[in-house]
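Take a look at the structure below.
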Amino acid sequence: MRNTLASVRLLPLGTAALALLAGCSPTSDGTSTAPPPTATSPAETGGLAPAQRRRADQLVSIFENGTPEIQYGYVENLGDGRGVTAGRAGFTTGDGDALEVIRAYTAKHPGNPLARFIPALERSAADEGNDADALPEAEYIAAWKQAARDPDFRSVQDAQVDARYFSPAQRLADQLGLRSALARAELYDASVQHGNNSDPDGLPALVHRTSDRVGSPAQAGERAWLNAFFTTRLDDLRHPSNKDTQQEWATSVDRVECLRRIAATGNDNLKGPLTVTAFGTTYTLQ
């Protein structure tokens, strides 16, 4: 994720995430797309109506890349110890999720421009993300931008986001009994940034700490629980267990405050048009 919009990519364990599939129409360098396609039923959107799902996806894109348009071709080294961050959900070379995206793409198109980097990415994953010497970074960045022009590569990114973040988060939201679109969007965003692994900065740990403090959503009430979750997540961003992320995460707190500001308006259902301000920029989501 670029500039002040920080994130961590951890391999999910299948207990939390919320991501939204999107359609595309790239710019000349493959970095920008049109809004996501419309889903056909709430069941296919994880309990969200199609427009709610679209707005949640746009919010995550704003937090990740500073635009409501999905950025499949975004790619850079953020200097956060996770190698190169790329794509619509910040798939990193250091945490192994970029490797899974490229493997899935290569299964469809063996001769794609990113396929040749799989051995280096496998070595990086085996070496806990230390890919500085294994990966020719400039060539990888150029290849990602080239691949992002391919609709199939964008579809692979969509599917990976769905599997790694969206579906697990919806299952967690169901387990918690969360009903509002805003609460589900917050779990989605936290899932993308914090990951879904068992580490103390992951979404499952944040949920556990929140419920320890205030009780379950049924006990505390969904709005009170969500407000407590915002506080728990903000504390983790400022004081993460993984100190490598502390400097970058401290700059990202406004993504949580943005969602908290929406909550303060009472727009729990993410009704549109939705005007939001994040990191000093105002956006209107239809």
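What the table shows:
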| read-out | value |
| --- | --- |
| Residue 238 accessible area, 1.4 Å probe, all protein chains in place, Å² to nearest 10 | 110 |
| Other-chain or far-sequence residues with amide H under 5 Å of residue 78's (modelled H) | 85 |
| Cross-link partners of residue 145 among lysines (Cα-Cα below 25 Å; sequence separation of 8 or more within a chain) | 108 |
| Per-residue SASA entry for residue 256, accessible area with 1.4 Å probe, Å² rounded to 10 | 0 |
| Under Karplus coefficients 6.51, -1.76 and 1.60, residue-wise ³J(HN,Hα) of segment 224-230 in Hz, glycine/proline x | 5, 5, 4, 4, 5, 5, 3 |
| For residue 278, distant residues with modelled amide H under 5 Å away | 283 |
| Heavy atoms of residue 140 accessible to a 1.4 Å probe, total area in Å² rounded to 10 | 0 |
| At R0 = 22 Å, FRET efficiency that the Cβ-Cβ distance of residue 238 and residue 212 yields, to 0.05 | 0.70 |
| Exposure rank, largest accessible area first [102, 141; 1.4 Å] | 141, 102 |
| R0 of 22 Å, Cβ-Cβ distance residue 171-residue 49: FRET efficiency to nearest 0.05 | 0.70 |
| ³J(HN,Hα), Karplus 6.51/-1.76/1.60, whole Hz, each residue of segment 268-282, x for Gly, Pro | 5, 9, 6, 5, x, x, 10, 9, 10, 10, 9, 6, x, 10, 9 |
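The values are calculated or read from the model by the stated rules, or taken from the named source; none is laboratory data. Quick caveat: nothing in here was measured; it's all calculated off a predicted structure. Glycine gets a Cβ as well: all are built from the backbone with ideal geometry, and neighbour counts include every protein chain shown. Ligands, DNA and RNA are stripped out before the accessible areas are found, and what is left, the full protein with its side chains, is counted by its heavy atoms. Shrake-Rupley method; radii C 1.70, N 1.55, O 1.52, S 1.80 Å.
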